[in-house]
Amino acid sequence: MNIQEIQQEIIDEFAMFQDWMQRYEHMIDLGKSLPLIAEEFKTEDNIIKGCQSKVWVHAELKNDQLEFTADSDAIITKGIIAILIRVFSNQHPKDILDAETDFIDQIGLKEHLSPTRANGLVSMIKQIKMYAIAFQTQLN
Amino acid sequence: MFDVNKIREDFPILERTVNGQPLIYFDNAATSQTPNQVIDVISDYYQNYNSNIHRGVHSLSQEATDVYENARQKIQHHFNAAQTHEVILTSGTTHSINIIASGYSQLLQAGDELMISAMEHHSNIVPWQMLCDRTGAILKVIPMDHAGVLDMNAFNDLLSTKTKLVFVNHVSNALGTVNPIEEIIKRAHGVGAKVLIDGAQASPHIKTDVQALDVDYYVTSAHKLCGPTGVGMLYGKEELLNHLPPYQGGGEMIAEVSFEKTTYADLPHKFEAGTPNIAGGIAFGEALDYMNGIGFETIAAYEHELLIYATAQLKAIDGLKIYGEAPQKTAVISFNVDDIHPYDIGSILDKMGIAVRTGHHCAQPIMDFYKIPGTVRASFSFYNTKEEIDTMIKGLQKAIQMLK
């Protein structure tokens, strides 16, 4: 699936929920099911600044596609990063760079988008795009 | 007779909803809410006599000056300062601390020692570290125990004739501990050291008498005690403030200016360069009137009741641990539940309209001490109720159920 199709899938998934509590419960489940990042990548370098909780994101290029792994010490934050990884992992760096991120708005998590929000969703997206730029340059 | 429902009518913000739920505001240690009386004073100033103070010949300026200076007197009387000019109006606690830290960079020598406590807010750590960098002075730390109580024996051992300044918060923002500042001041004076007490967290709950304490410097912020943000106090003993070099240069703080030499104005203006926060200063005075109208003993007694009530209910929750259990504490409860991240609990409570603080509370050394990333902090004020605490407990139980 391409990025847009995955985003649509997530939008449809969240549309089934009636209220914030169900959305949060789903996000928490997603956080719990996020595959663990290898301990060796939980380094200071991989920490995303600007989050009240710790978030580590690691990227590797495999067959011209970027594979992301991540972790956080807070479960809601982990849920958010799990959604981002589902969208952006195993995609071509150029597609990641071109992707819109307004699906966040459509799944009722807009409140997390504010740049001053302590969970750093904006910083996470920025970091993912930075990885994409770096690897895109490498591919050229 | 203290009637919390009557009191709540003074605070318009308490009527609003957040995320569709009635607001429950338990982040009072970060900033307090503002009663109509204070809001009215601010709008009255801008509607009726807004003008620059201390220099105008016209009536409006004189009127504003009178009200502003009257507010300074209210602050003086509240803290029982001996002189009105010992009350410097600043932009807040951080500004007040920086005035002292900046002044002492010209008064200290390499090898002099400064002392802070293990439970300081970053604003009472970083300016002193910077001062040490500038002067070669050495920073010592008074340790604390697991209950969040300062180790006074260790304090004795650290004190010496090399100690020049001691900085301790009256009340810890993260733990609520009320520190034994009388004893600290007495012992520090015994070796000739001066003492600055950060009263930001104490002022909303405790009426401090700076003369009885014999404290050298006492600082606080108006927004912690029902006043507006951007205004605070630096109290200092007259002779010490006279001795201290000014912090910022500018208008208002001078006596004579020529290109060859400038002489500084007398206290308090020496430390009040530029146009001050006039409405803020006036509102600061009004906030003290408001709180004194209720009575600090009444406030402290009611808040203590809330503290006891909430502590008992929180402790009944499986896996919940409270950080800071000093025998003397204000209505602040820092806690975690098992290994759930405080951010997760705070986020879910927010969805329920309950405002608590999460994180390290600008006191990272305390979090390092307990080896935790942060805590959830609920801090109560006299306008909070037991019913609100009940709602928070239910919300917390729901959050734990979701997060586990």
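The values are calculated or read from the model by the stated rules, or taken from the named source; none is laboratory data. Please read all numbers here as calculations on a predicted model, not as lab measurements. Neighbour counts are summed over all protein chains in view; Cβ atoms, including those assigned to glycine, are modelled from backbone coordinates with ideal geometry.
Please state which one of A:A74, A:A82 is within 26 Å of B:G374 (Cβ to Cβ), within 12 Å of chain B (Cβ to nearest Cβ) and surrounded by 13 or more Cβ atoms within 10 Å (Cβ to Cβ).
So the residue among A:A74, A:A82 that is within 26 Å of B:G374 (Cβ to Cβ), within 12 Å of chain B (Cβ to nearest Cβ) and surrounded by 13 or more Cβ atoms within 10 Å (Cβ to Cβ) is A:A74.
So which residues in region A:57-98 are within 10 Å of the chain's Cα centre (by Cα) and in a loop (DSSP other than H, G, I, E, B)?
Across region A:57-98, the qualifying residue is only A:S89.
Have a look at B:H78, B:H58 and point out the one that is surrounded by fewer than 21 Cβ atoms within 10 Å (Cβ to Cβ), in the same structural domain as B:L139 (by TED's automatic domain parsing) and out of contact with any strand residue (DSSP E or B) (no Cβ under 9 Å at 6 or more places or on another chain).
Answer to the check: B:H58.
Could you tell me how many of the residues in region B:109-131 are surrounded by 19 or more Cβ atoms within 10 Å (Cβ to Cβ), among the hydrophobic types (A, V, I, L, M, F, W, C) and more than 19 Å from B:M233 (Cα to Cα)?
6
Answer yes or no: is there a residue in region B:322-336 that is of a type in the set (S, T, N, Q), within 14 Å of chain A (Cβ to nearest Cβ) and either over 30 Å from B:I88 (Cβ atoms) or touching a Lys or Arg at 6+ places or on another chain (Cβ under 8 Å) (or both).
So far as region B:322-336 goes, yes, one or more of its residues are of a type in the set (S, T, N, Q), within 14 Å of chain A (Cβ to nearest Cβ) and either over 30 Å from B:I88 (Cβ atoms) or touching a Lys or Arg at 6+ places or on another chain (Cβ under 8 Å) (or both).
If only one of B:A188, B:A193, B:A212, B:A200 is among the hydrophobic types (A, V, I, L, M, F, W, C) and under 21 Å from B:D289 (Cβ atoms), which one is it?
Going through B:A188, B:A193, B:A212, B:A200 in turn, the sole match is B:A200.
Filter region B:343-381 down to residues that are within 14 Å of another protein chain (Cβ to nearest Cβ) and among the polar types (S, T, N, Q), then give me how many there are.
Result for region B:343-381: 4.
Which of the residues belonging to region B:6-26 are exposed (fewer than 13 other Cβ atoms within 10 Å of the Cβ) and touching a residue at least 40 places away in the same chain (Cβ under 8 Å)?
Result: B:T17, B:N19, B:G20.
Do we have any residue at all in region B:13-29 that's among the basic types (K, R) and at pLDDT 95 or above?
Yes - at least one qualifying residue is present in region B:13-29.
Run down A:L36, A:L30, A:L66 and say which single residue is within 14 Å of chain B (Cβ to nearest Cβ) and in contact (Cβ under 8 Å) with a residue 12 or more places away in the chain.
Only one candidate passes the filter, namely A:L30.
Among the residues of region B:377-400, write down those that are assigned to a strand (DSSP E or B) and over 19 Å from the mean Cα position of the chain (by Cα).
none
Only one of (1) more than 14 Å from chain B (Cβ to nearest Cβ); (2) more than 21 Å from A:Q138 (Cα to Cα); (3) under 14 Å from the mean Cα position of the chain (by Cα) fails for A:E9. Which number is that?
(3)
Of the numbered conditions (1) crowded, with 24+ Cβ neighbours inside 10 Å; (2) more than 30 Å from B:Q328 (Cα to Cα); (3) not basic (K, R), B:G199 fails exactly one; give the number of that condition.
Status for B:G199: all satisfied but (2).
Can you pull out the residues in region A:12-58 that are more than 16 Å from A:A70 (Cβ to Cβ) and among the small types (G, A, S)?
Hit for region A:12-58 is A:A15, nothing else.
Looking at region B:196-230, which of its residues are in a loop (DSSP other than H, G, I, E, B), of a type in the set (A, V, I, L, M, F, W, C) and touching a strand residue (DSSP E or B) at 6+ places or on another chain (Cβ under 6 Å)?
Residues satisfying the conditions are B:A200, B:A202, B:V215.
Within region B:132-144, take every residue that is surrounded by 15 or more Cβ atoms within 10 Å (Cβ to Cβ) and part of a helix (DSSP H, G or I) and give me the one that is farthest from the chain's Cα centre (by Cα).
B:T135
Could you tell me which residue of region A:39-63 is surrounded by the most Cβ atoms within 10 Å (Cβ to Cβ), considering only residues that are among the charged types (D, E, K, R) and either away from chain B (no Cβ under 11 Å) or more than 12 Å from A:G120 (Cβ to Cβ) (or both)?
Selected residue: A:K42.
Give region B:263-279 a look and list any residue that's part of a helix (DSSP H, G or I), in contact (Cβ under 8 Å) with a residue 60 or more places away in the chain and either farther than 13 Å from B:A64 by Cβ or in contact with a Gly (Cβ under 9 Å, 6 or more places away or on another chain) (or both), or say none.
Result: B:H269, B:F271.
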